[in-house]
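Q: Pasting in a structure now, in structure tokens, and then I'll have a few things to ask.
The values are calculated or read from the model by the stated rules, or taken from the named source; none is laboratory data. The model shown is predicted, which means the values in this text are computed figures rather than measured ones. With ideal geometry, Cβ positions are generated from the backbone for all residues, glycine too; neighbour counts draw on all protein chains shown.
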């Protein structure tokens, strides 16, 4: 059987590098890797289906899957995970605690971004601040004119408006025209304008407490395979899942080697030990069984917010061949 050439668009992560460098191969596949920023990958994938395999926003993927028009089928590979206590930026001269966000104007690059869904869950579940309690201002973080890559109909009671023409969210927060921003990237005014800071003064401690209480390490992105390719080549879903899992294992072993620092940041060994003590050895797990509870929590919130038109079960996100794996 001849090998299949696949275009693969992903971020430039340590857990991807063994694949990009050829240290780990994909059975039956000649990959053509493109290391791109998530915003470009998601826009091109959901608008034009540009890639055979690509990293996808969990929120956008859930929305399109529930709607029945997603061009990709999911694989339980999670290239991006993050606690989103660092994703909420506020005017500290107006907002001293999460409850102060009621009635405030908060900017979002896109309302349905995965990071924003998780952040709104924090506000609602831990502080009783519902999405309907806030006026949401949608616009580009640094460049005006950003639009939702997957348009949706806001549910009744949600106050969602667009930023003024020609204005970025960062500029609006800096001048005080809005009271906060929720976004996966820090606005440029963070660290430059003294009044702008994190909502959680110690986001690391807040995230550790959240994990102890919930067991959730939020999933941001999953891997998508073009649906028509999965149907034409049934071996592909498991071959890709197997290869990406092996690459992540190589990266974790590399990170844990104390002989020389692999990342340009001190105290990596100590932080790794702390993460494992809190979250377990396989804290960045792939596969459906280990992540079922986290996915279920996200999908429940996603539907409750009106983003997905029906409640999805975690199994519906992934190709059936990847629901379990072989053992030796």
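Q: Determine which single condition residue 95 fails, assuming it passes every other condition in (1) part of a loop (DSSP other than H, G, I, E, B); (2) closer than 30 Å to residue 238 by Cα; (3) touching a helix residue (DSSP H, G or I) at 6+ places or on another chain (Cβ under 7 Å).
A: Evaluating residue 95 over (1) part of a loop (DSSP other than H, G, I, E, B); (2) closer than 30 Å to residue 238 by Cα; (3) touching a helix residue (DSSP H, G or I) at 6+ places or on another chain (Cβ under 7 Å) leaves (2) as the failure.
Q: Does residue 223 satisfy being in contact with a helix residue (DSSP H, G or I) (Cβ under 8 Å, 6 or more places away or on another chain), surrounded by 23 or more Cβ atoms within 10 Å (Cβ to Cβ) and either free of Cβ contacts under 8 Å to residues at least 60 places away in the same chain or farther than 24 Å from residue 39 by Cα (or both)? Give the derivation first.
A: Values: in contact with a helix residue (DSSP H, G or I) (Cβ under 8 Å, 6 or more places away or on another chain): yes; surrounded by 23 or more Cβ atoms within 10 Å (Cβ to Cβ): yes; either free of Cβ contacts under 8 Å to residues at least 60 places away in the same chain or farther than 24 Å from residue 39 by Cα (or both): no.
It is false that residue 223 is in contact with a helix residue (DSSP H, G or I) (Cβ under 8 Å, 6 or more places away or on another chain), surrounded by 23 or more Cβ atoms within 10 Å (Cβ to Cβ) and either free of Cβ contacts under 8 Å to residues at least 60 places away in the same chain or farther than 24 Å from residue 39 by Cα (or both).
Q: Moving to a separate point now. Would you point out which residue out of 145, 191 is exposed (fewer than 14 other Cβ atoms within 10 Å of the Cβ) and either assigned by TED's automatic domain parsing to the domain that holds residue 44 or more than 21 Å from residue 84 (Cβ to Cβ) (or both)? Walk me through how you get there before you give the answer.
A: Values: 191 fails: either assigned by TED's automatic domain parsing to the domain that holds residue 44 or more than 21 Å from residue 84 (Cβ to Cβ) (or both).
Matching residue, one of 145, 191: 145.
Q: Any chance segment 245-254 includes a residue that's surrounded by 12 or more Cβ atoms within 10 Å (Cβ to Cβ) and free of Cβ contacts under 8 Å to residues at least 12 places away in the same chain? Working first, answer last.
A: Initially, segment 245-254 is screened for residues surrounded by 12 or more Cβ atoms within 10 Å (Cβ to Cβ), giving 245-252, 254.
Next, from what is left, pick out any that are free of Cβ contacts under 8 Å to residues at least 12 places away in the same chain: 249.
Among the residues of segment 245-254, at least one is surrounded by 12 or more Cβ atoms within 10 Å (Cβ to Cβ) and free of Cβ contacts under 8 Å to residues at least 12 places away in the same chain, which makes the answer yes.
Q: From the list 2, 60, pick out the single residue that is out of contact with any strand residue (DSSP E or B) (no Cβ under 6 Å at 6 or more places or on another chain) and part of a helix (DSSP H, G or I).
A: None of the other options fit; the residue is 60.
Q: What is the one condition in (1) in contact with a strand residue (DSSP E or B) (Cβ under 6 Å, 6 or more places away or on another chain); (2) more than 18 Å from residue 107 (Cβ to Cβ) that residue 203 does not satisfy?
A: That leaves (1) as the condition not met.
Q: With respect to residue 69, determine if the residue is over 29 Å from residue 111 (Cα atoms) and over 20 Å from the mean Cα position of the chain (by Cα). I'd like the intermediate steps shown before the answer.
A: On the way: over 29 Å from residue 111 (Cα atoms): no; over 20 Å from the mean Cα position of the chain (by Cα): yes.
When the stated conditions are applied, residue 69 does not pass them.
Q: Would you confirm whether any residue within segment 60-68 is surrounded by fewer than 24 Cβ atoms within 10 Å (Cβ to Cβ), farther than 24 Å from residue 287 by Cβ and in the same structural domain as residue 247 (by TED's automatic domain parsing)?
A: yes
Q: If you don't mind, there's one more thing I want to ask. What tally of residues in segment 35-59 results from selecting those that are touching a helix residue (DSSP H, G or I) at 6+ places or on another chain (Cβ under 8 Å) and crowded, with 19+ Cβ neighbours inside 10 Å?
A: Our first condition is that a residue be touching a helix residue (DSSP H, G or I) at 6+ places or on another chain (Cβ under 8 Å); within segment 35-59, this holds for 35, 42, 46, 50-59.
Narrowing further to those that are crowded, with 19+ Cβ neighbours inside 10 Å: 42, 46, 51-59.
Qualifying residue count, segment 35-59: 11.
Q: Outside any strand (DSSP E or B), under 28 Å from residue 152 (Cα atoms) and modelled with pLDDT under 95, is that true of residue 110? If you could, list the steps in order and put the result at the bottom.
A: Working: outside any strand (DSSP E or B): yes; under 28 Å from residue 152 (Cα atoms): yes; modelled with pLDDT under 95: yes.
Taking the combined requirement at face value, the residue satisfies it.
Q: Select from segment 286-310 the residues that are in contact with a helix residue (DSSP H, G or I) (Cβ under 8 Å, 6 or more places away or on another chain), surrounded by fewer than 16 Cβ atoms within 10 Å (Cβ to Cβ) and in a helix (DSSP H, G or I) and list them in ascending order.
A: First, pick out the residues of segment 286-310 that are in contact with a helix residue (DSSP H, G or I) (Cβ under 8 Å, 6 or more places away or on another chain): 286-288, 291-292, 295-299, 301-303, 305, 307-310.
Checking the rest, the ones that are also surrounded by fewer than 16 Cβ atoms within 10 Å (Cβ to Cβ) come to 292, 296, 309-310.
Hits for segment 286-310 are 292, 296.
Q: In addition: Anything in segment 69-85 that is in contact with a strand residue (DSSP E or B) (Cβ under 6 Å, 6 or more places away or on another chain) and either in a helix (DSSP H, G or I) or surrounded by fewer than 20 Cβ atoms within 10 Å (Cβ to Cβ) (or both)? List them, or say none. Steps first, please.
A: In the first step, residues of segment 69-85 are kept if they are in contact with a strand residue (DSSP E or B) (Cβ under 6 Å, 6 or more places away or on another chain); the result is 72-81.
Listed by number, the list holds a single entry, 81.
Q: Determine, yes or no, whether residue 159 is assigned by TED's automatic domain parsing to the domain that holds residue 118, surrounded by fewer than 17 Cβ atoms within 10 Å (Cβ to Cβ) and in contact (Cβ under 8 Å) with a residue 12 or more places away in the chain. Walk me through it before giving the result.
A: Values: assigned by TED's automatic domain parsing to the domain that holds residue 118: yes; surrounded by fewer than 17 Cβ atoms within 10 Å (Cβ to Cβ): yes; in contact (Cβ under 8 Å) with a residue 12 or more places away in the chain: yes.
It is true that residue 159 is assigned by TED's automatic domain parsing to the domain that holds residue 118, surrounded by fewer than 17 Cβ atoms within 10 Å (Cβ to Cβ) and in contact (Cβ under 8 Å) with a residue 12 or more places away in the chain.
Q: Being farther than 18 Å from residue 104 by Cα and loosely packed, with under 15 Cβ neighbours inside 10 Å is the filter here, so list the residues in segment 162-182 that pass it.
A: Residues satisfying the conditions are 165, 166.
Q: Can you tell me which of 278, 255 is assigned by TED's automatic domain parsing to the domain that holds residue 240, touching a helix residue (DSSP H, G or I) at 6+ places or on another chain (Cβ under 7 Å), at pLDDT below 95 and under 25 Å from residue 209 (Cβ atoms)? Please lay out each step first, then the result.
A: Working: 278 fails: at pLDDT below 95.
The conditions single out 255.
Q: Scan segment 19-48 for residues that are closer than 19 Å to residue 232 by Cβ, over 19 Å from the mean Cα position of the chain (by Cα) and not in a strand (DSSP E or B) and jot them down. Please lay out each step first, then the result.
A: Let us first name the residues in segment 19-48 that are closer than 19 Å to residue 232 by Cβ, namely 26-32, 45.
If we keep only those that are over 19 Å from the mean Cα position of the chain (by Cα) as well, we get 26-32.
Listed by number, the residues that qualify are 26, 27, 28.
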